[in-house]
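One structure is given here, and the rest of the page talks about it.
Nothing in this text is a laboratory measurement; each read-out follows from the coordinates by a stated rule. These figures come from a predicted structure and were not determined experimentally. Every residue, glycine as well, gets a Cβ built from its backbone with ideal geometry; the counts of neighbours run over all protein chains shown.
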Amino acid sequence: MRVSIRISFIFWGLLLLSGFIYAITSLLRFKQIFFEHAGITLTQAQAAEAYAAGQNDERTQHIPKIVHQVFHNWHDPGNGTLPSDWQANVNNCKKLNPNFEFMLWTEKKSRDFIEIEYPWFLRTYDRYRYKVQRVDAVRYFLLLHYGGIYMDLDNGCKADLSPLLYYPVWVTDGGRGALSNNIIAAKPNHPFWTHLTMSLIPYDWNWFFPYVTISFASGQWFETAVWERYHSLLPKPSENPEIEHRLYRLMMDDRPEADEWIFFTQERGGTWVNWDNRLFLALGDHLFLFFATLAVAVGLTIGSCTRFVRRYKSGYSRLKAVPDRVV
């Protein structure tokens with residue numbers, strides 16, 4: 001009987017240890033997603049100043065003058081008419097960027113594009129649990145295929161976007177938490193986007209919470225995780241400035257104390273809000289407190305389980321029989 005009890009404790013101890021190791025590795029992975037980002041930091045002011053310096057004849061324009069925007073009308077399928085405020089954003093961007101081609105991708109056009117150009121992904125595309133995941137996925141394939149700048153419709157323009165065309169790939173960085181996929185850009189067929197699009201199927205998991213599933217299967221958490229992995233595979237930075245493999249993070253911090261946005265605006269959004277969005281957005285604003293609390297909880301759990309196991313490993317001693325007294 002005691003052997004069975006000890007085997008049971010060993011089993012549960014190993015299971016607890018495995019869970020602890022998994023929790024630690026997960027925390028380290030989330031640390032990369034939320035705290036430290038690879039790549040080269042590029043402020044909007046730096047991009048504007050480099051362009052204004054007049055050295056553009058000596059620089060290579062990597063990104064074509066294309067702006068992609070995706071509109072999937074979930075309330076009135078088949079209707080490609082934009083809401084008036086979003087149409088105003090598009091009109092203003094076109095006015096500020098008359099030499100750019102603007103491509104609007106409706107639900108049908110998006111699916112047709114995937115079916116024709118990337119048929120191997122169509123099954124996953126059609127089976128996504130949440131409609132916004134298709135909006136996430138198609139933007140990556142558009143940049144891989146055409147190149148250009150992708151912009152969410154709730155973002156507008158403040159200036160000519162030409163200064164941003166001289167960097168092979170850039171994503172936006174809000175300065176806290178994960179990177180963003182609301183405004184991203186690339187030259188066609190860049191290996192980062194190949195790596196990212198090939199990662200969509202392996203990352204297609206259901207994490208129970210809608211916000212986590214969307215973010216980590218196709219959204220900004222997914223993009224950030226692939227970004228970090230891609231940079232981990234690159235050779236170490238060279239001392240030669242002409243040899244640079246790292247990609248760029250365009251800073252778009254919306255906090256009052258941060259640098260002013262030069263190229264973009266933020267307008268009405270929130271079209272994919274689910275029941276758990278507020279919970280995880282609140283956690284995102286208090287990440288250090290969240291991870292500290294989680295670490296304390298894990299430590300207390302392990303300590304309690306350890307004391308419990310030690311108590312039972314000490315075993316039992318048989319009580320000695322006490323002879324009946326004769327009165």
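Here are some notes:
- Phi to ³J(HN,Hα) by Karplus 6.51 cos²θ - 1.76 cosθ + 1.60 over region 127-141, Hz, x for Gly, Pro: 9, 4, 6, 10, 4, 5, 5, 5, 5, 4, 5, 5, 5, 5, 5
- Extended-chain gain in nm, criterion 0.36 nm per residue less alpha-carbon gap, GLU257 and ARG176: 27.8 nm
- Here region 40-274 yields Rg over Rh of 0.94, to two decimals, using C-alpha coordinates and the Kirkwood radius.
- 3J(HN,Hα) along region 79-88: 8, x, 7, 6, x, 4, 6, 6, 4, 5 Hz, from the Karplus curve 6.51 cos²θ - 1.76 cosθ + 1.60 with θ = phi - 60°, whole Hz, x for Gly and Pro.
- Less than 5 angstrom separates the built amide H of GLU101 from those of ILE66, VAL67, all sequence-distant by 5 or more or on a different chain.
- The phi-based Karplus calculation (6.51 cos²θ - 1.76 cosθ + 1.60; θ = phi - 60°) puts the 3J(HN,Hα) values of region 64-69 at x, 7, 10, 10, 9, 9 Hz, whole numbers, x for Gly and Pro.
- What the Cβ-Cβ distance of HIS75 and LEU122 gives, at R0 = 30 Å and to the nearest 0.05, is a FRET efficiency of 0.80.
- Extension gain, ALA48-LYS236: 0.36 nm per intervening residue step, less the Cα-Cα distance, totals 64.9 nm.
- Of the residues ILE40, ILE184, ILE116, the one with the fewest other Cβ atoms within 10 Å heads the list, and the complete ranking is ILE116, ILE40, ILE184.
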